[in-house]
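Comments concern the structure below.
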Amino acid sequence: MDAVLLEHMMNPKNYGVLEHSNAEGIGKNPHNGEKVIIFLSVSNRNNVYVIEDIRFQAIGCMTTVLAGSIITNEARGLDFDRAEALVSTTLGMLDSVPPEEAACSEMVALALQAAMDTYKERQKDSEFPMITYKISQNCTPQGVDINE
Amino acid sequence: MNRLLVQVHEVWLETLMSAFMSNNTATKQTLFDFSEIMFRHFTWIENYCIKNGVSYDYERNMIPLKVDNLDAILHDIIARLNRVELQLVVCDDEALSFRISQDIEYFIYTLKNIPSEPVSAFDMQRTINGIELTEEATDALTLFLFEESYKEYELIMIYNYLKAHSKDIELVRIFQILIDESFFHLKRFGQMMADMGILGVPRTIAKELYVVEDIVEFLKNGINEELLAKEECKRLSDAVSNESKELAKFFDFVNYQENYHIALMKEALEFYNKAADVQ
């Protein structure tokens with residue numbers, strides 16, 4: 001366990017609620033009720049959506065918090081294209097980690113994707129509810145599940 | 001009032017964490033004592049909110065802890081206490097407000113006179129009492145301490161919420177014992193984290209965890225979690241027994257304590273099952 005991981009455990013980055021978020025999303029483990037919610041503050045710069053600020057909260061284990069701290073730190077300041085690439089990269093790496101750790105990282109990545117998708121939907125309908133994605137064995141997002 | 005509750009919540013936790021940072025027995029004891037009084041302030045303000053129909057929650061901000069010297073964290077605690085005192089104007093229970101205000105005055109006076117000392121609670125050395133564990137055992141212990149220190153904090157908050165909203169004297173007795181037990185565990189785990197140089201504040205607890213909608217399900221899950229915790233303590237005891245009899249004994253001790261927690265939770269479960277039968 002290296003110093004960077006320990007630092008994320010001792011002082012998780014971006015943990016908590018973002019008071020003035022304009023998009024939120026949930027990644028959920030349907031098998032045990034664990035979940036991650038991500039709050040985004042997104043700006044629209046000439047139709048390029050940029051994550052200006054980000055927070056997350058987790059009902060889950062320390063590994064989920066660790067994944068949340070690392071992924072949200074990476075996502076801050078990215079535009080949606082690059083943030084979606086981050087989600088894909090994370091999901092693509094899941095086969096090489098133990099299943100329980102994979103589930104934690106997948107939950108965070110899907111919460112981020114759900115929050116970005118919520119934001120895009122809200123450009124068409126400002127009242128669009130928060131999107132939830134459920135994690136799956138094969139690490140692919142299953143259907144949209146609105147405000148479950 | 002909720003803002004006052006949040007502020008007291010934050011200063012209580014910061015003071016508790018600062019006690020782990022000190023290697024001076026008298027300072028440590030003072031900080032533990034103050035944190036316990038602050039927790040009581042927290043429960044009294046919560047009780048005021050319940051009695052007066054004021055909505056409240058257990059939200060709080062992150063609490064930055066990392067310091068090199070104790071006086072830095074003591075100054076921060078004093079600043080927070082000053083903010084709490086200012087916020088007391090929102091409390092129209094004069095007796096409560098006066099009590100907290102007088103306590104704060106004494107806290108600040110005492111904290112200002114505590115000698116500073118270097119803090120090693122964040123140095124990430126990950127050895128405990130000079131014991132050299134294997135890398136695998138050290139990692140397992142590290143994860144255990146982060147998981148369990150949060151879990152104990154979570155349990156304190158959940159049982160505190162349940163107790164605050166319970167009218168039955170038997171349930172209040174059970175929840176109080178479980179709160180006290182979790183405090184003891186949190187203090188031991190927090191001290192071990194500080195000794196290993198990996199001290200961190202437990203993360204915030206989500207509202208849907210402490211506002212328990214299905215208490216029977218919560219207690220059943222809680223009993224299962226206690227059984228898993230027993231197994232984890234057994235695994236850790238086995239993992240460290242070659243390097244440290246003292247640590248192994250400690251994990252056996254925690255393991256056996258869980259039996260009583262399970263018995264109490266079964267007692268509470270029986271109460272709620274009976275109540276459901278009557279309805």
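Laboratory data are not the source of any read-out in this text; all were calculated from the coordinates shown. The model shown is predicted, which means the values in this text are computed figures rather than measured ones. Quick reminder, even Gly has a Cβ in these numbers, built from the backbone with ideal geometry, and neighbours come from all protein chains shown.
Some values worked out for this structure:
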| quantity | calculated |
| --- | --- |
| Chain A: angle of helix A:62-75 to the longest principal axis, Cα-based, in degrees nearest 10 | 40 degrees |
| Column: log10 I(q)/I(0), Debye, Cα scatterers of chain A, q = 0.16 Å⁻¹ | -0.78 |
| Ratio of Rg to Rh over the protein assembly as shown (Cα coordinates, Kirkwood Rh, two decimals) | 0.97 |
| Distance between segment A:58-124 and segment B:63-128 - C-alpha centres, whole angstrom | 37 Å |
| Entries in B:Lys28/B:Lys249; B:Lys66/B:Lys187; B:Lys167/B:Lys207; B:Lys28/B:Lys167; B:Lys112/B:Lys207 that, when Cα-Cα distance is taken, lie over 28 Å | B:Lys28/B:Lys167; B:Lys112/B:Lys207 |
| Inter-label distance for A:Leu5 and B:Gln176, nm, one decimal - labels placed 7 Å from Cα along Cα-to-Cβ | 4.3 nm |
| Sparsely packed GluC sites (Glu not before Pro) within segment B:202-279, loop by DSSP, other Cβ within 10 Å at most 13 | B:Glu213 |
| Value of Rg/Rh across segment B:142-279 [Cα atoms, Kirkwood radius] | 1.00 |
| Degrees between helix A:99-124 axis and first principal axis of chain A (Cα, 0 to 90, nearest 10) | 0 degrees |
| More than 36 Å apart - percent of Cα-Cα pairs taken over chain B | 19 percent |
| Sequence of A:His8, A:His20, B:His165, B:His9 once ranked by neighbouring C-beta atoms within 10 Å, starting from the fewest | A:His20, B:His165, A:His8, B:His9 |
| Residues A:Lys35, A:Lys134, B:Lys249, sorted so that the one with the fewest Cβ neighbours within 10 Å comes first | B:Lys249, A:Lys134, A:Lys35 |
| Distance in nm between pseudo-label sites at B:Ala276 and B:Lys220 (7 Å out along the Cβ direction from Cα) | 0.7 nm |
